[in-house]
Amino acid sequence: MAIETQKKQEDVEIDMTPMLDIVFIMLIFFIVTTVFVKQAGVDVSKPTADSAVERKNAYIFVAIDDKNQIFIDKDMLQPSEIKAKIQSLRTENLEGEVVIQADKKAKAGLVLEVLDIAKSSGATVSVATERVE
């Protein structure tokens with residue numbers, strides 16, 4: 001009898017296929033549902049403000065550097081191209097907000113022009129600042 005129980009125990013195998021199927025399905029689900037933030041692609045020296053707050057729904061970052069060049073998703077754009085770019089990026093995430101990261105040395109007129117264009121695209125727009133410590 002001891003020989004029969006040993007033989008039965010040796011024949012038992014664990015089938016890993018269903019578990020692997022579930023893991024791959026979960027991986028595909030998380031890849032498809034992940035929202036990727038569209039970074040501006042350039043570093044700017046932001047002005048400081050006491051009223052700075054973190055934006056949780058920030059999705060599209062528009063950077064204006066110290067040379068008054070405009071960047072979205074690492075692409076340098078002209079003011080006339082901003083609205084179309086923001087609208088195309090918003091198709092991926094309609095609740096995503098636009099954050100303008102303007103350098104301290106950027107022209108105020110250009111920052112206001114970009115702000116106006118971004119608002120006309122239908123997005124919620126804010127201007128990034130550094131919190132005063």
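Where a number appears in this text, it was derived from the coordinates with a stated rule and is not lab data. None of the values given here were measured: they were computed from a predicted structure. Cβ coordinates were reconstructed from backbone atoms using ideal geometry, including for glycine residues, and neighbour counts include every protein chain displayed.
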For the chain, find the longest principal axis of its Cα atoms and tell me its angle to the long axis of helix 79-90, 0 to 90°, nearest 10. 20
Packing-wise, with mean Cβ within 10 Å as the measure, how do 90-100, 51-61 rank, highest first? 90-100, 51-61
Can you list the residues, at least 5 places off or on another chain, whose amide H is less than 5 Å from the amide H of F61, using H built in the peptide plane? K38, A40, D73, V99
Give the angle, between 0 and 90 degrees and rounded to the nearest 10, that separates the Cα long axis of helix 2-11 from the longest principal axis of the Cα atoms of the chain. 30
If you look at just the Cα atoms of the chain, how large are its Rg and its Dmax in Å? 25.5, 92
Among I60, V125, L94, the residue whose Cα sits farthest towards the positive end of the charge dipole of the chain (+1 at Cβ of Lys and Arg, -1 at Cβ of Asp and Glu, taken about the Cα centre) is V125
How much mean residue ellipticity at 222 nm does the chain get from its helices, if each DSSP H run of length 4 or more adds -39500 (n - 2.57) and you divide by all residues, to the nearest 500 deg cm²/dmol? -12500 deg cm²/dmol
Which listed pairs, of K67/K119; K67/K104; K56/K83, have C-alpha distances above 18 Å, in listed order: K67/K119; K56/K83
Report, to the nearest 10°, how far helix 108-120 tilts away from the longest principal axis of the Cα atoms in the chain, using its own Cα long axis and a range of 0 to 90°. 50
